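See below for the structure under consideration.
What follows draws every value from the coordinates through simple rules; no lab data is involved. Quick caveat, the model's predicted, so the values are computed rather than measured. All Cβ positions, even for glycine, are placed from backbone atoms using ideal geometry, and neighbour counts span all protein chains on display.
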Number of protein chains: 2
Amino acid sequence: MGESLLPSHAEPNKGSLAIIGLGPGRRDYITPRALKVIAGADYVIGNAQYLDPLEPLLSGKNVIRSSMGKEVERAQQAIDLAHSNAVAIVSGGDAGVYGMASIVLEVLEHSGSEIDVEVIPGVTAANAAASRIGSPLSGDFAVISLSDLLTPLEVIEQRLDAVFSVGIPVVLYNPKSRGRPHNFDIALAHARRYLGAETPVAIVRNALREEEEVTVTTLANVESVKNTVDMHTTVIIGGKESRIWRMGNDVKGIITPRGYHHKYVY
Amino acid sequence: MGESLLPSHAEPNKGSLAIIGLGPGRRDYITPRALKVIAGADYVIGNAQYLDPLEPLLSGKNVIRSSMGKEVERAQQAIDLAHSNAVAIVSGGDAGVYGMASIVLEVLEHSGSEIDVEVIPGVTAANAAASRIGSPLSGDFAVISLSDLLTPLEVIEQRLDAVFSVGIPVVLYNPKSRGRPHNFDIALAHARRYLGAETPVAIVRNALREEEEVTVTTLANVESVKNTVDMHTTVIIGGKESRIWRMGNDVKGIITPRGYHHKYVY
């Protein structure tokens, strides 16, 4: 249960490859399954940012600290080692959401190798960030990355326009990076085609990590705070039904109603 | 860190309300933070399906087992108790994705009460199901519920059409229920307007739970297996770029490439 099935012809003590999502980074948001598999690994591969919180667990292991970029090489290295070692390659958040899962499996499939693979899910940034501001997603939502390194900007714009046009909350990953400071403005322009000035917008930086910063604003007022958006930020743009959540005089976050108010009085 | 800030005028030993996502259900996919907060709770409220795996932890606590429906009453009860007790209300998956977070916060806001609230994120079904079939999401994706209890079917259809039209993977929650057997066919019809017959489709039932069943098929062939879709199922319909992932002769799942193949050779 939870483990992938070995191919029927696999020899015992063959290698294995676990592709693991670590969530926002802190130990208390990493699943026990992820921790167990990392504890049993011979090799652990990942960025320093996500390996550092694991430190005591990595004692005695072969740890390969990678830098941003070079994902294809990192995937290849993980697969090469996994033929005869227990390998864990880790991503922040969920490895299947802008993480390493797809490139590792693409390279694996292309190699023709047959290796025992397990993908371990984690808490992705959309849900980590949302949890810091109440319930901005609640139901239907979309996740769009503003990084046009691998996806043409015109495709990103089509997707943004489509999801904003149907009034669902939208989570923006990679909202701003060096050399791409303008994509966030482009996204806001698409949102404003369909959503009113009072539509809530949340800027969540370092969700559930040290130096966490949460800003709740609106489409009208986001210009004054958008310089806080960076590569450690998740932006959530509310949908048609979303509103600011207040407790007393404090702005606590965003609520997107599920629709109970159409049927019940409370 | 991780805890919400008490309003500045709050008295010590006042109650608290934690809204918790338990992930797919098994203990080894529940975050340590969630377990810690549950361990410290006076009252734990939730469905039996998600409370049962917590059993040893619930010893000595006031446990309120709720049935499906009656979410407004459950939310009200949690808030009433949270004035002077540590209350944990739990959902499967992530509480902010078709869980209890929004209704609890709506009722709370409407009540005018000021209570210490913490939303604890969990692994939502989209990511749990995706992890069982490789990397079907990978990048941009949308999450749509086919339950029209709270959202009009015409709104659901507009959303389905919009997200399928831009070729991103789509995760269907609540794909079928008693009295609503046809919404899945409606969703498939919208998908087929834009996606080819070979587009991969995964039906993941009880992801990471006992009696897990994973079926990988295509838009062309899903008719023959769609009777397996029920209320414990997450369906993932691939996007324009998605393909079946094979290892040797075995169908392992779905890969949606991130786009590295446009830039790198591997």
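Note on region A:56-79 and region A:119-185: Cα centroid distance 27 Å, given to the nearest whole angstrom. Rounded to the nearest whole Hz, the Karplus-based 3J(HN,Hα) values (6.51 cos²θ - 1.76 cosθ + 1.60, θ = phi - 60°) of region A:23-30 follow the sequence x, x, x, 5, 4, 7, 10, 9, with x at glycine and proline.
Over all directions, how big on average is the projection of the convex hull of the alpha-carbon atoms in region B:164-217, in square nanometres? Averaged projected hull area, Cα only: 4.3 nm². Extension gain for A:A39-A:E210 works out to 59.1 nm (0.36 nm per residue, less the C-alpha to C-alpha distance). Sorted from greatest to least, the principal axis extents spanned by the alpha carbons of chain B come out as 60, 40, 36 Å. How far, in degrees from 0 to 90, does helix A:101-111 lean away from the longest principal axis of the Cα atoms of chain A, to the nearest 10? Approximately 40 degrees, to the nearest 10.
Under a 5 Å amide H cut-off, with hydrogens placed 1.01 Å from N, B:G139 pairs with A:Y98 among residues at least 5 apart or on other chains.
3J(HN,Hα) along region B:174-190: 6, x, 7, 8, 3, x, 9, x, 8, 5, 5, 4, 4, 4, 4, 4, 5 Hz, from the Karplus curve 6.51 cos²θ - 1.76 cosθ + 1.60 with θ = phi - 60°, whole Hz, x for Gly and Pro. Residues whose amide H lies under 5 Å from that of A:L208, counting only those 5 or more places away or on a different chain, are absent; hydrogens are built 1.01 Å from N in the peptide plane.
Only helical runs count toward this figure. For chain B, summing -39,500 (n - 2.57) over DSSP H runs of n ≥ 4 and dividing by all residues gives -7500 deg cm²/dmol at 222 nm. By other beta-carbon atoms within 10 Å, ranking B:R178, A:R243 with the fewest at the front produces B:R178, A:R243. Could you derive backbone 3J(HN,Hα) for region B:240-256 from the dihedral phi with the Karplus parameters 6.51, -1.76 and 1.60 (θ = phi - 60°), listing whole Hz in sequence and x where the residue is Gly or Pro? The phi angles translate into 4, 9, 6, 8, 6, 9, 10, 10, x, 8, 8, 7, 9, x, 10, 10, 10 Hz. Listed by chain and number, the lysines whose C-alpha is less than 30 Å from the C-alpha of A:K36, apart from same-chain residues fewer than 8 away, are A:K14, A:K61, A:K70, B:K36, B:K61, B:K252.
Measuring nothing but how far apart in sequence close Cα pairs (under 8 Å, 6+ apart) lie, relative to its length, region B:219-266 scores a relative contact order of 23 percent. Normalising the average separation of contacting C-alpha pairs (under 8 angstrom, six or more residues apart) by the number of residues puts the relative contact order of region B:108-213 at 27 percent. If we count every other residue with Cβ under 13 angstrom of A:R205's Cβ, Lys/Arg +1 and Asp/Glu -1, where does the sum land? Local net charge: -1. Each label point was placed 7 Å from the Cα along the Cα-to-Cβ direction; for A:N47 and B:N227 their separation is 4.8 nm. What does the convex hull of the alpha-carbon atoms of region B:62-173 project to on average, in nm²? Its average projected convex-hull area is 8.7 nm². Based on the Cβ-Cβ distance of A:R192 and B:E73, what FRET efficiency does E = 1/(1 + (r/R0)^6) give at R0 = 56 Å, to the nearest 0.05? Efficiency at R0 = 56 Å is approximately 0.90. Sequence-distant contacts, meaning Cα pairs under 8 Å at least 6 residues apart, place the relative contact order of chain B at 19 percent.
Each eigenvalue of the Cα gyration tensor of the protein assembly as shown, multiplied by 5 and square-rooted, gives one semi-axis; in descending order these are 33, 26, 24 Å.
Taking the square roots of 5 times each eigenvalue of the Cα gyration tensor of region A:1-142, largest first, gives ellipsoid semi-axes of 26, 17, 15 Å.
Annotation for B:D250 and A:K263: the two label points, set 7 Å from Cα along the Cα-Cβ direction, are 4.2 nm apart. Remark: region B:130-189 projects, on average over all directions, an area of 4.5 nm² (convex hull of Cα atoms).
Taking the Cα of B:A220, stepping 7 Å toward and past its beta carbon, and measuring to each backbone N in region B:182-210: which are under 19 Å? Hits in region B:182-210 for B:A220 at 19 Å: B:188-203.
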